[in-house]
1. Roughly how many percent of the accessible protein surface of the range 27-71 is carbon and sulfur, given a 1.4 Å probe and a whole-percent answer?
2. Label points 7 Å out from Cα along the Cβ direction at residue 92 and residue 114: separation in nm?
3. Can you list the residues, at least 5 places off or on another chain, whose amide H is less than 5 Å from the amide H of residue 111, using H built in the peptide plane?
4. Report the FRET efficiency, 1/(1 + (r/R0)^6), for residue 123 and residue 146, where r is their Cβ-Cβ distance and R0 is 30 Å, rounded to 0.05.
5. Work out, step by step, the length gained on full extension between residue 134 and residue 105: first 0.36 nm times the residue separation, then minus their alpha carbon distance; give nm to one decimal.
Amino acid sequence: MDNRQNEFRKTNALVDRFITATLLDEELRAETEKIATQIGAGKPWSDAQFRFFGSPWLRQWLMLDPAPNMAKMRGPVLAIFGAEDIQVDAESNAAAARTALSSNADAKVEILPKHNHLFQETLTGNVGSPTGTAPSQKTLDLMAAWITATKPRADGCTVD
């Protein structure tokens, strides 16, 4: 695992701790400083992480469970995950999406092998891969094929 992946994984662990509020603010600040030291980042990085991940808005947004709303969707849905995503675990989130969308016959959940969070082809999961900053051709082809195959519904797309 390269240093960048390690940084993302440690940041994600820190995000989990912020979300669950298992630490007091001073403990969270100390944790960000510890991670900054481990990955070779400085105090400005740890301060920025603390301000960003400690904000009430972000905590609320990160705690949002999309499953109840996904379960109410009655129109076509395409949910795509990158297998090498180091920010969103593809397997567990795809499984949760499949469960939430199980009553929707117009839903499709796909995991793209060797793709990152931005649907770029990658071996490491890092964004900004050597293939550029745009989604891969495989991603675009998957989306185009899904759109082409998806028939308009007479009742429209609704969320109950």
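The values are calculated or read from the model by the stated rules, or taken from the named source; none is laboratory data. Fair warning: this is a prediction, and the values are worked out from it, not measured in the lab. Methodologically, a virtual Cβ is constructed for each residue, glycine included, from the backbone with ideal geometry; neighbour enumeration extends over all protein chains shown. The area values use the complete protein model at the heavy-atom level, side chains included, leaving out ligands, DNA and RNA. Shrake-Rupley method; radii C 1.70, N 1.55, O 1.52, S 1.80 Å.
1. Numbers: 1820 of 2890 Å².
Accessible surface attributable to carbon and sulfur in the range 27-71 totals 63 percent.
2. Taking the two extended label points, one gets 2.7 nm.
3. Counting only residues 5 or more places away or on other chains, the set is 81.
4. Details: r = 26 Å, r/R0 = 0.85.
Once the sixth-power term is evaluated, E becomes 0.75.
5. On the way: separation 29, 0.36 × 29 = 10.44 nm, distance 3.00 nm.
Length gained between residue 134 and residue 105: 7.4 nm.
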